[in-house]
Amino acid sequence: MPHPGRRGKESPVSTLSKGIEKVEVALKWDPSPMGTPDHDLDIVAATYTADAPHGDPAYLVHFDSRSPDGTINLNRDSRTGQGFGWDEIMTLELDRLSETYVRVLVGVAIQQGDDRIAFGEIANAAVRIRQGYTDLTSHDFAEVAQSTAATVAEFTRDEAGNWHFHAALRGFDAEPADFSRLMGR
């Protein structure tokens, strides 16, 4: 049952005493119509330190990158949405992340070309976040249809070192580079 004030379908998994350890973020969308530019959506993860949990990210993970310690990886990247099932998949091994980091935000950004493209213009776009076989949340971006980027999840570390999941669907009207700076503020 969703928590009041949170959006999307959620699971109570984040209440387990050992917290969230490893999650998978999966993104899918249908290819753009024939004769139109490709739609390119990207999963973005931003890490934040205890010194600046709501400031600039310590580092970002997105297409063509991974975390310096290998704990956050983009396992599958699509620039078109072609194929069956989930087009992009990112794995976050939170239990292996250095104690320096206390917050990880995950978002989705649409690469912008000559024309502005929002989530509402992309057919069957969806994101799913799961731990093991348990879905923590899923969204179809309908609530942020006019946005070009959105945060979809927040993971925070408590004083005992356990990670907790919070649904964080929030839309932005920003280019991917600007979104990566704004998403955690």
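The values are calculated or read from the model by the stated rules, or taken from the named source; none is laboratory data. For clarity, every value in this text was computed on a predicted model and none was experimentally measured. As a convention, Cβ positions derive from the backbone with ideal geometry for all residues, glycine included, and neighbour counts pool all protein chains shown. Just so you know, the surface numbers come from the protein's heavy atoms only, side chains and all, with ligands and any DNA or RNA stripped out. Shrake-Rupley method; radii C 1.70, N 1.55, O 1.52, S 1.80 Å.
Looking only at the range 127-143, how many residues end up being surrounded by 15 or more Cβ atoms within 10 Å (Cβ to Cβ), among the hydrophobic types (A, V, I, L, M, F, W, C) and either more than 13 Å from the chain's Cα centre (by Cα) or assigned to a strand (DSSP E or B) (or both)?
Within the range 127-143, residues that are surrounded by 15 or more Cβ atoms within 10 Å (Cβ to Cβ), among the hydrophobic types (A, V, I, L, M, F, W, C) and either more than 13 Å from the chain's Cα centre (by Cα) or assigned to a strand (DSSP E or B) (or both) number 3.
Give the residues of the range 57-84 that are modelled with pLDDT of 80 or more, open to solvent by 60 Å² or more (accessible area, probe 1.4 Å) and closer than 26 Å to Ala118 by Cβ, sorted by residue number.
Phe63
Counting only residues that are surrounded by fewer than 22 Cβ atoms within 10 Å (Cβ to Cβ) and more than 17 Å from Ile122 (Cα to Cα), which one in the range 144-156 is nearest to the chain's Cα centre (by Cα)?
This residue is Glu154.
Taking into account only those residues within the range 85-118 that are of a type in the set (D, E, K, R) and closer than 20 Å to Phe155 by Cβ, which is surrounded by the most Cβ atoms within 10 Å (Cβ to Cβ)?
Taking the range 85-118 and keeping what is of a type in the set (D, E, K, R), we get 87-88, 93, 95-96, 99, 103, 114-116.
Now drop any that are not closer than 20 Å to Phe155 by Cβ, which leaves 88, 93, 95-96, 99, 103.
Values: Glu88: 24, Glu93: 15, Asp95: 14, Arg96: 13, Glu99: 9, Arg103: 21.
Among them, the one singled out is Glu88.
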